[in-house]
Every structure is written in C-alpha cells, then in structure tokens.
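The values are calculated or read from the model by the stated rules, or taken from the named source; none is laboratory data. From a predicted model like this one, the values you see are computed outputs, not experimental measurements. Every residue, glycine among them, receives a Cβ derived from its backbone with ideal geometry; neighbour counts consider all protein chains shown.
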Amino acid sequence: MARQTAVTKTIAAVRCMAPPGDQTTNIGLSRATECNVRSPAPVPRVTSVTVARCPGGPGECEAPQYQVPPLRADHERLIGPTAHPSRSTASSPHQIERSTTVPDMVIGSHSPHSVSRCKAPVTTRLLGRSRLMTSVVWSTHSVELRSNSVIKRFRPESRGACEREWRALTLLAAYAPGLAPVPQSVDCAAEDPVVVMSRVPGEPLRGVPLGDRQLKALAAAASELYAAVPAEVLAEVPVRPGQQHQLITRIHAWVPQVRPRVSDEVGEAMDRGLAWLARSGMERTSRPDVPMVFGPGDGNLANYLWDGTRVHVVDFEDSGLSDRAFELAEITEHVASWVGSPLDAGAFLDLFDLTATERARLPECRRLLALVWLFLLSFENAHPPRNPPGTAERQAARLSTLLA
C-alpha cells in the first residue's frame, strides 16, 4: 500500500459537532511525532477514529484544535495526582523525573510511573455542577469532574502524556467501545494540555476484597484492552514509557542514594534483587520475544472501575506498545494490589491463557517491578507518611519471596 503524506491508514472517521465541511479529524500515531487535534467545534461526538501518520513532523500534520474553556480563576488550578469519577487519586512508577536525585515522594495510592516534583495543598472543592479534585506530589495532571464529562489537564512538560491519553481513548473508542471513557476533545498544544472525556460508571477495585465475579471481570477487561488494537494499527503505536530498560536505568541511579539509608532488612532484599538483576539478562534484551499488545501502562487498581456488571478502565497517560507479561506484573506488583485488601495474584494470573514465552517472562517482570517498588517505598519522605509504618519492610519480604 502506497504511503500518503497525511493519512496512510483509515480505520474510520471522527465525527464532530462542527460546521459543514469540517467533519473529520485525524489523530496521528507516528513514532516521531503526534498530531494536534483541532476543531472550531464545541464538544465533539466521537463515533470512530482515523489514524494518520506524520512522516515530515508536526508541520505536515496540522489540523484545527478543539478549544476547551480554561478553568475559572476561582478554580485554583492546582497540579497534582487526581481522581477520575468514582476512583481514588492515583499515579504510576514510569514517568519518574529524569534525574538521579531522589524526589520527595509520597507513595500512598500512587505508582512509580508519574513522578515530578509538585507540591500543592490537597483540595476537593465543589464548583457549581463541577468538582475539581487535586492532591499533592508528583503528578503530571489535574482533573475536573463535571456532570457528564471529565477534564484532564496536564503540566506543560507532560504533552506526551496528553498525546498518549488521547491516542488510547480514540483507539479504544473504535476497537473496544464501552471499555474506557469516550474521547470528547483535546488540545495538546495548549499552555496546559487538556483532554476532555466522558465519565464512566463504577467503583475502583483498589482497597476492596475482590470476589470471583470482580476478579473475572478485571481479567476480562485487561484481556479486552490488550487485544483491542489490531496488529496493523498497533504497529504504529509508540512503545509505552517505563519499560524494563528505563526502569533498570533508574534502579542503578537510585542505588547510591537509597541503599545507605535503609534498614538492614530492606537493604538485604535490595542486594538480593540487584544480584538477581545482574544475572537475569534483562539488561541485555532489546525487545522481549513475546507478542506485543496495547498496554495501559499503570497497574493501579484504582484505574479499574467495577459497575456491578463489568470493569471499565481509565488513565492512559503512560499507555503504548507493551506485552502482556509486563502489564500483568504492573498490576500484581503495584502497591495498590497488596496494601489493604490484597489481590489474589495467583488466581488472577491463572485467568490468562499466556504463551510459553509469556509465562517464562512473567516472573522476571514481577521481580523487576517489585524491586522498583522497594526503592520507591524506601525513600518516602512524606510527613505524615502516606503508607503505614513497615510498608517498605513488607515490600522487602514480597521481593524476597519472588526471588526464592
């Protein structure tokens, strides 16, 4: 198939409430650059999605951008990890600040994927029919909840997260309708990049006992998400942030800063984890020899919402090309899966029909992510602490069990 300059592969069309002649919007999935989505329309109605390639850079993929009204001044535009409707605040271990300095971290309901220094007061405020919920520490975004929509605003340096969120929402609207929020509008070129999406029903699965129905629904949602994007479209999706080599690089940077300050129990587990990592071969592997899938990039169970019948998924700012073993390890090793009501990891993983290579890779991914979490939980400096006393020691025991 000959490649065209602007659009090389049409899946369907995004139809908006726009003036005549402006009925289609292209969403770029180039590895080199993402297209801004523009339209003079108010709030668009997404019925399907067009995928475009922008081989020449942003200049060859310009389109009018959805304009989302800014928050009023009295909204106090605070930046912090925030809540989607019906879910607790959450972020993840992969967008960790690119620095060898240990950040001031509050782990709590967060994951090691979205770390940036940002301190703001915790605020939950009712604003007419809207509710702006923000929180402290290392998030890439804030969220405003309205009656029928959610406005997710990103920090200026987090435009990539905005683009990944929009890409995921448009792809899932086309290939797995009902699984995730419906994309409504986007402006990734704004001073504060913004995505507007529908609200989805359900209660977060974090911190609650999961019965057989919820566990099977969680596995079904994850399986649907992983398999949603067709192979020819998935080939145009960039690799998600925070894959194994990025995490290994961060671990090596953390060692001289964190290792001297931890307890003997935690230090011994770190040493065993580092020894395993050195002989595991994970640093030498370019790409795992397993099937590629579309991964959400965040294993926090707060991102999985149970509506009584099925599970919906939210929060895709770290999404992209991945593999099932890594994404499943994200879920089982996330602190949200064992602080409070623990996820039955064995029963959960048994619900997936993995290939032999995926099954061989899964324990390695679990060990790597458990080691990452041990470091993250070891340099918590929050006052008061976000996690119960001894959380790092409990993580050390978890890692030791996985290494046994």
Tally the residues that are buried (at least 21 other Cβ atoms within 10 Å of the Cβ) and out of contact with any Cys (no Cβ under 6 Å at 6 or more places or on another chain), restricting the search to the range 152-174. 15
Residue pairs, Cβ under 8 Å, 6 or more apart or interchain, first in the range 335-349 and among the polar types (S, T, N, Q), second surrounded by 15 or more Cβ atoms within 10 Å (Cβ to Cβ) and not in a loop (DSSP other than H, G, I, E, B). List them. SER337/LEU301; SER337/ILE331; SER337/ALA345
State whether one or more residues within the range 244-259 are of a type outside the set (Ser, Thr, Tyr), buried (at least 17 other Cβ atoms within 10 Å of the Cβ) and in a loop (DSSP other than H, G, I, E, B). no
Quick check, is LEU210 under 14 Å from VAL313 (Cα atoms) and outside any strand (DSSP E or B)? no
Could you tell me whether SER378 is within 20 Å of ALA397 (Cβ to Cβ) and hydroxyl-bearing (Ser, Thr, Tyr)? yes
What residue, of LEU368, LEU305, LEU343, is under 22 Å from SER280 (Cβ atoms) and modelled with pLDDT of 95 or more? LEU368
Of the residues in the range 289-311, those that are touching a Ser or Thr at 6+ places or on another chain (Cβ under 8 Å) and among the aromatic types (Phe, Trp, Tyr) come to PHE294
Taking only pairs six or more apart or across chains, which ones have beta-carbon atoms under 9 Å, a first residue in the range 234-252 that is over 20 Å from ARG367 (Cβ atoms) and assigned by TED's automatic domain parsing to the domain that holds GLY273, and a second residue that is at pLDDT 95 or above and among the β-branched types (Val, Ile, Thr)? LEU234/VAL293; VAL237/VAL229
Going through ARG164, ARG159, ARG153 one at a time, which residue ends up being over 25 Å from SER322 (Cβ atoms), not in a loop (DSSP other than H, G, I, E, B) and not assigned by TED's automatic domain parsing to the domain that holds PHE316? ARG153
Some residue of the range 249-267 being closer than 13 Å to LEU369 by Cβ, at pLDDT 95 or above and more than 16 Å from the chain's Cα centre (by Cα): yes
Checking the conditions here, which among VAL229, VAL182 is under 26 Å from ARG159 (Cβ atoms), of a type in the set (A, V, I, L, M), in contact (Cβ under 8 Å) with a residue 60 or more places away in the chain and outside the structural domain of ARG366 (by TED's automatic domain parsing)? VAL182
Among the candidates ASP271, ASP289, ASP298, residue that is of a type in the set (Asp, Glu) and surrounded by 13 or more Cβ atoms within 10 Å (Cβ to Cβ): ASP298
Condition test on ALA278, is it more than 25 Å from the chain's Cα centre (by Cα) and surrounded by fewer than 24 Cβ atoms within 10 Å (Cβ to Cβ)? yes
